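Asks: One structure follows; several queries about it will come next.
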Amino acid sequence: AQDSYDIALISKGFQHQFWQAVKAGADKAAAEFGATVTFEGPESESQVDRQMDMLAAALSRNPDAIGFAALDSQAAVPLLQQAKDAGIPIIAFDSGVDSDIPLSTATTDNVAAAALAADKMAELIGGEGKVAVVAHDQTSRTGIDRVDGFVNRIKEAYPNIEVVSVQYGGGDQLQSTEITKSILLANPDLKGIFGANEGSAIGVANGKQELGSQIVVIGFDSGAAQKGMITSGVMNGAITQNPVGIGYETVKAAIGALKGETLPPIIDTGFYYYDASNMNDPEIAAVLYD
Amino acid sequence: MTDTAAPAAQKSGPRISGAFHRLLAFSGLIALVVAFSLASPNFMQTQNILAILQATSVNGVLAIAATLVIITGGIDLSVGTLMTFCAVIAGVILTYLGLPMPLGIIGAILAGAASGLISGTVIAKLKVPPFIATLGMMLILKGLSLVISGTRPIYFNDTPGFNQIALGSVVGQIIPAVPVPNGVMILFAVALIASFILGKTALGRYTFALGSNEEAVRLSGVNVDRWKIGVYALAGGIVGVAGVLIASRLNSAQPALGQGYELDAIAAVVIGGTSLSGGRGTVLGTLIGALIISVLANGLRILSVAQEWQTVVTGCIIILAVYADILRRRTL
Amino acid sequence: MTDTAAPAAQKSGPRISGAFHRLLAFSGLIALVVAFSLASPNFMQTQNILAILQATSVNGVLAIAATLVIITGGIDLSVGTLMTFCAVIAGVILTYLGLPMPLGIIGAILAGAASGLISGTVIAKLKVPPFIATLGMMLILKGLSLVISGTRPIYFNDTPGFNQIALGSVVGQIIPAVPVPNGVMILFAVALIASFILGKTALGRYTFALGSNEEAVRLSGVNVDRWKIGVYALAGGIVGVAGVLIASRLNSAQPALGQGYELDAIAAVVIGGTSLSGGRGTVLGTLIGALIISVLANGLRILSVAQEWQTVVTGCIIILAVYADILRRRTL
Amino acid sequence: MAGHSAPASPGDAPAPLVEMTDIDKSFPGVRALSKARFELRPGEVHALMGENGAGKSTLMKILSGVYTRDAGSVLLDGQPVEITSPREAQALGVGIIHQELALMRDLTAAQNIFIGREPRRFGILDEGQLNRDAAAIFASMNLKLEPTVKVETLTIAKQQMVEIAKALSYRSRVLIMDEPTAALNDAEIAELFTIINRLKAEGVGVVYISHKMDEIKRISDRVTIMRDGEYVGTVPAADTPIETIISMMVGRTLSNEALVIPNTTDAPVALEVKGLNRGREIRDVSFAVKKGEILGFAGLMGAGRTEVARAIFGADRRESGEIWVHGKRVGIASPKDAVEAGIGYLSEDRKHFGLATGLDVRNNIALASLDRFTGLGGVLDEASMQREAVGYIKQLAIKTPGDTQEARLLSGGNQQKVVIAKWLLRDCDILIFDEPTRGIDVGAKSEIYKLLNALAAEGKAIIVISSELPEVLRLSHRIAVMCEGRLTGMLPGGASQEEIMRLATQRQSSVAESATQRRTA
Ligand SMILES: Nc1ncnc2c1ncn2[C@@H]1O[C@H](COP(=O)(O)OP(=O)(O)OP(=O)(O)O)[C@@H](O)[C@H]1O
Ligand SMILES: Nc1ncnc2c1ncn2[C@@H]1O[C@H](COP(=O)(O)OP(=O)(O)OP(=O)(O)O)[C@@H](O)[C@H]1O
Ligand SMILES: [Mg+2]
Ligand SMILES: [Mg+2]
């Protein structure tokens, strides 16, 4: 009904490259379909109530549609109900909401993605030995899913591989570097480490470099640093989601909803394993971001 | 020597009545509200005002707890993680043990008071500086919350009505036009009680006295340690209320939440005119400080300011608001 | 009025020599190191010791900056985000503008000093409390880092050798057995310079005097504002060094990093025996404080303690370390 | 004195209230007390005398539970007691007015007085009762003070009165007064003595510490003298000449030489103040001081002398007024400008405005002159700082284990000397001394008088503000008298006390004025 739709995206984070890539995708769709989007997220993925305040403020602004990446699948339900009552369509992204209010969810299957990382790790270390995980967050959905996905896959499929340590560095590169160094020094026979998000992965690769270690490093997400590390061989490979696609699909779905289209309940934006050999394939290059 | 009743009227500068003076303290807040109202028609809607108040409730309660401690000349860095700890305790009582709701609430408040008692004892008896004692408690409580909850949120789905503690509106049932959430009423209630304690009870008197000159209080024969521990315990109990509020609002106890909240709470206290060196401060000021923070965050969001610029503007306005308050006091 | 020379010899308690006294200050640190060495054979390896030192470098430099400000009786909450801001400035100079490496380093340090100058001016001239002024700066700098960098990291790939600033080892080239990274040497250099300034120069003397009784200093005819601004600017410059260090270590300027680092820095200062009320403190103490934090984190990780318990243990040990230090002083 | 004054003769002495024997007390680096003794009878005023740092305050802090003794015994009513906290001292009926004011600045006068003993109703503080009780005490002291005024807004003298009121409110059997009159003027001292006599009549034992010799004679029954932490002797006050007491204190006799007034009439003017104004505190004050002249400032408490000094020095704002130094008009907006113009100001409140208590003695002395010791690259010349500091420690006989002792650990009088040394080292042409001998013992006092004379002889212009008339009379070439912010007269050095008092009470009496006049004590 309008020339330009006003869409508010409330994400789980803001400064991290992953969320900036989601924002980039959202901006792209906004430009394409004629909408203005705002993009906001709390400081850290534990600040569930801050996200509620952002959602409440977004509601007060009375936008045409809202995109929402829930930090906690339940906490937002009352506010989402309020949005629904006001006739504002909601699209979930990144991870789902325990409710049928969102018309659609654009997401990655993090458990499966981390399981793929486990498979690649097993392959690269020859199916046996000790590995460790440096993750970003002990309680957030993505943190739990990726650690569980990786650890469970190793347990189920690779009896000769042992996960000796799972530690959390808050996604802070420096802290993840220090953690990695401690793990390496405590376990001289370690074969590999999985870094469960961008900051963790870079921290792991930094730690490996600083100690001159030869372990296998599997990362998660992309960004210029990770891509550079994969090219130079410090990191063996990484799983990437399609954050640009997530942002793009979220806005596209929101506009579809505003136009009265029917939406699929899940828009699986997919994940991919990339390494030096396939980084430049057009299909992979398209989902990587700087 | 002539008239003893009117001395206050003989100030050299222009005279301003007490009520007007108190009103001026709100000036920073009012300026913000007016500015945002002019900038966006969405700002001054009932729903948005309620959203702002709701957003203030948890930080406001934490800031009131911090106010008490700061007036003694101390500091409490543990308010954020203690809040979470109390929420987790409520979760254990209600969800894991399945006990009735009032027990969960009382348990959370008692857990807060117990933690405050420990901090206070470490500070008063072992003479550990408040910064270190509460930093240590902050870390201990953060870890314990994760341990007790098994590093996952505890939901209150089995305690129907729990989320009404913060989200329901008793006021709205009576006056449907202003459905002020209970959480906000609880904030006001806590503020009233804390004001009363500060102004009218011995505990409040010693709170100011300790921050003013602890040695003098000791030389006056007062059992300084006991009262100091009392203040920390009371502050802990108030944090327990914040724990119930946030748990109710999220209908869950989120064990990882809390760190960083102490800074917002302390900021509200200091913006509200309470001095970090102790001896002076008001609950009303703290409420205003907490509101300034919430209004700023909400208003900038409503105006769709890009998030990185929101941060910059918030920083500038916090400095300006405090500077304006300093100018106001100077000209009085 | 008779003899002014003799009373010094009339000490009562047991005499402890200055050197021994100073050694005792390390006792908390030494106890930790011994405990971890016994608990894990991996702890006392050269590589691990170097890792601990490397891990201390950034926080150590930040903590030294914070020490200066805290001795004046102030506080600097902006050290974390200022560090990031300085790193971003280095990135802009080196990567975006392609200028030579020394300019990037100087630019970062100057940016830090300029920011300190602004904080100091707001505090000294506008009389805004340090907590608020630096809280505001913290937010402003955080936002500006994101704005300037376009919310993405700036890499130093085009400046070969940049990561050698922190990671290379000039010492290792001379004595291959102890490849102490340059970052650690820079920390020591900053500590030496800061110690010298605090102990031997007028700026240092005024730093202590301001924290001891600012009004008395003002009434001695000293230009209090100028010296105070000087201390904040110096602290800012030191934070600039930390910015270069972290940028070099990560070979990038990460605009989102930094918040929360101020708490670690202030904790190191306070654990090191510097009083938050000003007037006393040492750089050596701060170094020990920063090392205690790093050793704790490293040791608990080496022992593979579960992360939630790491937090609990860290909290307890911080309180105990400071308590032990208090007992030590009391018995002297 | 009341009719039934306590007997002072040794023959029929009642059983002692307090007996302290062989008390030892050491601090790190300092032996404060060594076999000290003291005895107090009911209904007597017992003066405790000694030089600065002799151990008077320390001995009384032991009696009042602030410090614990290292050795010795304390008997109360003949019973051995262990007093380990102020609380226990209070319970045993021992009250004290500390030398260093120990008030809670953010609380009101009434709240300060009743801290720890607030009247309550149903657990709630009864503020009305509190203020009424405080008002009653003030009335009994003849003190005009609003119970609800915040202590930090009071002058030092009023704060001292609050301390006295607080000590009285405890109704102790033993009341220790550690230099209660250091900040008071004559009228208030007289009021205090009336109170002391009343207490005496009630059988209270009063320990009275003061450096003002005339007071000792006026009020006390017996005098105990201490030197270097040791007991020297106890003498009846009435029949012991002051000279004897002084020589017991200092271990030698002091010459009480008169002021040599050099001819300064034709000397050039060093400082001229024209039309200084601020609100009701300073009203149109103009005066001049010549080189080599000591100008005394007399007046009652609250006359505005401190205000004038601070306004000249740039410590407080002025509404109008010009300041001329050596014939040139100078703009003074801050103490820094004043010091650069060659003006130094010694504050009456050393704890808040004089001493950096955390710094050591050396740095406190050097604080106003650091630029002089600053060399290349801002590096300080510690060696010459130490030389200067040690020089002043000797010259002023500052009792300290060394120049690196923290200033806060010095006795009150020695702290005052440190602040004086600071301004002597700065070597200003114009020196304003506000109550320079507050808390300073007789020996040191005469040293300081000599010093001021010497400085004047060197050609410095000196302003001395003092509430002790004898001091003003003894030192000054001319005397300025103030009342209610106004300069009411300028008298020659030899003026009579009556003349000064007349000017000091010369209030504005026009009906129009008095309607808007500020209350003054
Ligand atoms: N807490 C302390 N630590 C170290 N030294 C102290 C302490 N308190 C007092 N002293 C020292 O003990 C000695 C006695 O001090 P005290 O205060 O009793 O003297 P005083 O007789 O009251 O002197 P004044 O007349 O100056 O008040 C002094 O040398 C003083 O420096
Ligand atoms: N902090 C203050 N707040 C309000 N009034 C004050 C304050 N300090 C002083 N005054 C008032 O200013 C006037 C001048 O006081 P000031 O202390 O300067 O007098 P003074 O002549 O130096 O007396 P003295 O030093 O003997 O007390 C008095 O009326 C006093 O009550
Ligand atoms: Mg004394
Ligand atoms: Mg005065």
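Asks: Other chains' Cβ within 10 Å of B:292-298 residues: what's the mean?
Replies: Across the residues of B:292-298, the mean count of other-chain Cβ atoms within 10 Å is 2.
Asks: Extending each Cα 7 Å along its Cβ direction at A:ASP148 and B:SER37, get the distance between those two points in nm, one decimal.
Replies: 4.9
Asks: Now for a separate question. Measure nothing fancy, just the Cα-based angle from helix D:186-201's long axis to the longest principal axis of chain D, in degrees from 0 to 90, nearest 10.
Replies: For helix D:186-201, the angle is close to 0 degrees.
Asks: Could I ask something else about it? Report the local net charge at B:ASN298: Lys and Arg +1, Asp and Glu -1, summed over other residues whose C-beta lies under 11 Å from its C-beta.
Replies: Neighbour charge sum, excluding B:ASN298 itself: +1.
Asks: Let me ask something else about it. Which value at 222 nm does chain A reach when only helices count, each DSSP H run of 4 or more adding -39,500 (n - 2.57), with the total divided by all residues and rounded to the nearest 500 deg cm²/dmol?
Replies: -14500 deg cm²/dmol
Asks: For a quick check: with amide H placed at 1.01 Å from N, whose amide H comes under 5 Å from D:PHE27's, ignoring anything fewer than 5 positions away on the same chain?
Replies: The list, which skips near neighbours in sequence, is D:ALA32.
Asks: Here's something else I'd like to know. Per residue of C:248-257, how many C-beta atoms from partner chains lie within 10 Å of its own C-beta, taken as a mean?
Replies: For peptide C:248-257, the averaged partner shielding equals 6.
Asks: Given the -39500 (n - 2.57) contribution per DSSP H run of 4+ residues, what per-residue ellipticity at 222 nm results for chain D, rounded to the nearest 500 deg cm²/dmol?
Replies: -9500 deg cm²/dmol
Asks: Show me A:164-171, C:53-60 ranked by packing, highest mean number of other Cβ atoms within 10 Å first.
Replies: C:53-60, A:164-171
Asks: Per 10 Å bin, what percent of the C-alpha pairs of chain D does each bin hold, from zero upward?
Replies: With a bin width of 10 Å, the distribution comes to 4, 17, 28, 27, 17, 7, 1, 0.
Asks: Estimate the FRET efficiency between D:LEU376 and B:ALA114 by the formula 1/(1 + (r/R0)^6), using the beta-carbon distance for r and 56 Å for R0, to the nearest 0.05.
Replies: 0.40
Asks: When only alpha-carbon atoms are used, what values of Rg and Dmax, in angstrom, describe region B:177-320?
Replies: According to the Cα coordinates of region B:177-320, Rg and Dmax are 17.8, 58 Å.
Asks: Here is a further query. In sequence order, what are the phi-derived ³J(HN,Hα) couplings for region B:56-66 according to the Karplus relation 6.51 cos²θ - 1.76 cosθ + 1.60 with θ = phi - 60°, rounded to whole Hz, with x for glycine and proline?
Replies: 7, 4, 5, 4, x, 5, 4, 5, 5, 4, 5
Asks: Distances from C:ALA177 to the same position in the other copies: list them in nm, one decimal, shortest first, using label points 7 Å from Cα along Cα→Cβ.
Replies: Listed shortest first, these distances are 8.6 nm.
Asks: When all C-alpha to C-alpha distances in the protein assembly as shown are sorted into bins of 20 Å, what percent of pairs does each bin hold, rounded to whole numbers?
Replies: 9, 33, 33, 18, 6, 0
Asks: Let me ask something else about it. Name the long-range amide H neighbours of A:LEU9: under 5 Å, sequence gap of 5 or more, or other chain; modelled H, no Pro or chain starts.
Replies: A:THR38, A:PHE39, A:GLU40, A:GLY67
Asks: Then there's this: In nm, to one decimal, how far is the modelled label at C:THR46 from the one at D:ASP186, with both set 7 Å along Cα→Cβ?
Replies: 8.5
Asks: Still on this structure, please answer the following. Where does region C:42-331 land on Rg/Rh, using Cα atoms and the Kirkwood Rh?
Replies: Dividing the radius of gyration by the Kirkwood radius yields 0.98.
Asks: Considering only chain A, what is the antiparallel percent among its DSSP beta bridges, to the nearest 5?
Replies: 10
Asks: Whole-Hz ³J(HN,Hα) for each residue in region B:31-43, computed from phi via Karplus 6.51 cos²θ - 1.76 cosθ + 1.60 with θ = phi - 60°, x for glycine and proline: what do you get?
Replies: Taking θ as phi minus 60°, the curve returns 4, 4, 4, 4, 4, 5, 4, 5, 6, 9, x, 6, 5 Hz for region B:31-43.
Asks: Right, another one. State the Cα centre-to-centre distance between region B:234-262 and region C:231-254 in whole Å.
Replies: So the separation of the two Cα centres works out to 35 Å.
Asks: Provide the net charge surrounding C:GLY120, with neighbours chosen by a C-beta distance below 15 Å and charges set as Lys +1, Arg +1, Asp -1, Glu -1.
Replies: +1
Asks: For the protein assembly as shown, what proportion of DSSP beta bridges, expressed in % and rounded to the nearest 5, is antiparallel?
Replies: Looking only at bridges with both residues in the protein assembly as shown, the antiparallel portion is about 45 percent.
Asks: What FRET efficiency do you get for A:ALA285 and D:ALA136 if R0 is 60 Å and r is their Cβ-Cβ distance, rounded to the nearest 0.05?
Replies: So, using R0 = 60 Å, E works out to roughly 0.10.
Asks: Relative to a virtual label point 7 Å from the Cα of D:GLU340 in the Cα→beta-carbon direction, which members of region C:203-238 show backbone nitrogen distances below 13 Å?
Replies: C:221-226
Asks: If each of D:SER496 and C:VAL178 carries a label point 7 Å out from its Cα toward its Cβ, how far apart are those two points in nm?
Replies: So the label points at D:SER496 and C:VAL178 sit 8.5 nm apart.
Asks: Also: If we count every other residue with Cβ under 14 angstrom of C:LEU139's Cβ, Lys/Arg +1 and Asp/Glu -1, where does the sum land?
Replies: Here the charged neighbours net out to -4.
Asks: Moving to a separate point now. Please report, for C:SER37, the nm distances (one decimal) from its label point, 7 Å out from Cα along the beta-carbon direction, to the equivalent points in the remaining copies, shortest first.
Replies: Spacings between copies for this position, smallest first, are 6.9 nm.
Asks: Also, I was wondering about something else. In this model, which of D:LYS61/D:LYS422; D:LYS212/D:LYS290; A:LYS120/A:LYS191; D:LYS158/D:LYS351 are farther than 24 Å apart at the alpha-carbon?
Replies: D:LYS61/D:LYS422; D:LYS212/D:LYS290
Asks: Between region D:122-191 and region B:143-211, what is the separation of their alpha carbon centroids in Å?
Replies: 42
Asks: On to the next question. Suppose R0 equals 41 Å. What FRET efficiency, 1/(1 + (r/R0)^6) with r the Cβ-Cβ distance, do A:SER213 and C:ILE326 give to the nearest 0.05?
Replies: Computed FRET efficiency for A:SER213 and C:ILE326: 0.50.
Asks: Determine the shielding of peptide D:378-389 by partner chains: average, over its residues, the number of Cβ atoms on other chains within 10 angstrom of each Cβ.
Replies: Shielding by partners across D:378-389 averages 2.
Throughout, read-outs are computed from the coordinates displayed, never taken from laboratory work. Nothing here was measured: the structure is a model prediction, and the numbers come from that model. Note: ideal-geometry Cβ built from the backbone for every residue, glycine included; neighbour counts use all protein chains shown.
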